[in-house]
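Single-structure report; data block below.
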Amino acid sequence: MHLYIHIPFCKQACHYCDFHFSTNTTHKRAVVEAIAREIVLRRSYLPDGDMETIYFGGGTPSMLSEAELNFLLETIHRQFRVAPHAEITLEANPDDLNASSLQMFAKAGINRLSIGIQSFHEPHLRFMNRAHSAMEAEQCVGLAQQAGIDNISIDLIYAIPAERHDILLSDLSKAFTLNVPHISAYCLTIEPQTAFGSWLKKKKIKPIEEEYAAQQFEILVSSLRENGYEQYEISNFARNGLYSNHNSSYWKQHPYLGVGPSAHSYNGASREYNVSNNAKYLEALQKDIIPTTIETLSAADQTNEYLLTGLRTKWGVELQKLETLSAGGFGVQAKDALERMTRKGWIREDSGILVLTQAGKLFADRIASDLFID
Ligand code: SF4
């Protein structure tokens, strides 16, 4: 079983971000209490079993106080049986990490950190409106390791408009010196509802060139591979098999419960989407109502979701499972597209499993959508 907790607060708005968060923390304590209430109300959402992963995402969960974090963890332990070696991840920003906060996280039971470093290049951090400095980005990992948290992932962003690759190479070489077992690297995307989206509309910034992004992706993948990181998902790289168990559960279509404003849940047959508004979330939970929208998944939805997430991973997708999910529709509807992708050298079949080739990884989402069924 897997649990996601969305903490919808941030110190400031990064210019590229379209996640749900608020920079007004007046009601932080009340929202934390509402999330705890939702955990209680939703304790039967998942079938019985041990909670194997718990993930505090956001927003910025490292803004939680010791009392708030412990309160949420105590609530979780009261409602669920947490596996003895459960992976408990907290997303953190470098400016929140110091010796005392890290000791507090470790003491509370956090055994994995996902740190939003994004870049070690000061002008890029300022361009994206990150709240931390390049120096804080370089120092926070060492501090976490000293506090006894070794299972660390760092996030990096590539294809930041600079039209040069040396900054990415320098970011990567700094990342390698930190000796972290996991790196997530995401291509900068410009979403309409963000500061970058509005600047793009006003022509204050240029769109990100596809070719530049593809070149950066190739540099990234080869550099990570040369330094011992396995690309187990398009954007995720691990050393020594230290994958993110929580995120892997999403990609493998395991059921999970998501609590907090904007969190999603999945039980195999439907998805639920919590309201992306802190005030509406609070108001509903104060009346013991879960403000969620339920979407029942059709056979085609389930098949297409499996393709979209599974093809991005090293585990690929099982042909037999595609047939089962689509009630026999996949083989018939996707036959031509599959032959075309195979001829292009983008996909291959190995003992009933479809996986993307290295060339295909550049077009993962497009390949999946070409294989979608109706
Ligand atoms: S800290 Fe994270 S969630 Fe908050 S605005 Fe920046 S990218 Fe978005």
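The values are calculated or read from the model by the stated rules, or taken from the named source; none is laboratory data. Keep in mind that this is a model prediction, so the values were computed, not measured. Cβ atoms come from the backbone with ideal geometry, glycine included; neighbour counts cover every protein chain shown. Surface areas here come from the heavy atoms of the whole protein model, side chains and all, with no ligands, DNA or RNA. Shrake-Rupley method; radii C 1.70, N 1.55, O 1.52, S 1.80 Å.
Any chance you could run the full-extension gain for VAL40 through GLU318? It's 0.36 nm times the residue separation minus the Cα-Cα distance, nm to one decimal.
Between VAL40 and GLU318, full extension yields 96.5 nm more.
The overall shape of segment 303-343 is oblate: from the C-alpha gyration tensor, with semi-axes ordered a ≥ b ≥ c, the ratio a/c is 1.5 or greater and a/b is no larger than b/c.
Sites listed here are trypsin sites (Lys or Arg not before Pro) in segment 263-368 whose DSSP assignment is loop and whose Cβ has at most 12 other Cβ atoms within 10 Å: LYS287.
Converting the Cα gyration tensor eigenvalues of the chain into ellipsoid dimensions via √(5λ) gives semi-axes, longest first, of 31, 28, 21 Å. Over segment 299-371, accessible surface divided per residue gives 49 Å², non-protein components excluded, 1.4 Å probe.
Ligands, DNA and RNA excluded, the heavy atoms of ILE205 present near 30 Å² of accessible surface to a 1.4 Å solvent probe.
Which of rounded, prolate or oblate describes segment 1-120 when judged by the alpha-carbon gyration tensor and an a/c cut-off of 1.5?
prolate
Modelled this way, with points 7 Å down the Cα-to-C-beta line, the labels at THR26 and ASP301 are 3.7 nm from one another. Of GLU218, GLU136, GLU210, the residue with the greatest mean-square motion in the GNM of the chain, using alpha carbon springs below 10 Å, is GLU210.
In whole percent, how big is the carbon plus sulfur part of the accessible area of the chain, probe 1.4 Å, protein atoms only? C and S atoms contribute 50 percent here. Taking every alpha-carbon pair under 8 Å whose residues sit at least 6 apart, segment 299-371 reaches a relative contact order of 38 percent.
Residues TRP346, TRP199, ordered by accessible area of protein heavy atoms at a 1.4 angstrom probe radius and largest first, appear as TRP199, TRP346. Can you say what percent of the DSSP beta bridges in the chain, counting only those with both residues inside, are antiparallel? Round to 5. That works out to approximately 45 percent antiparallel.
By accessible area of protein heavy atoms, probe 1.4 Å, what ranking do ASP171, ASP374, ASP18, ASP155 get, highest first?
Numbers: ASP171 10, ASP374 155, ASP18 90, ASP155 30 Å².
Per-residue accessible area, sorted high to low, gives ASP374, ASP18, ASP155, ASP171.
Dividing the summed -39500 (n - 2.57) terms of all DSSP H runs of n ≥ 4 by the residue count of the chain sets its mean residue ellipticity at 222 nm at -12000 deg cm²/dmol.
Surface analysis of segment 50-116 yields an accessible area of 36 Å² per residue, using protein heavy atoms and a 1.4 Å probe.
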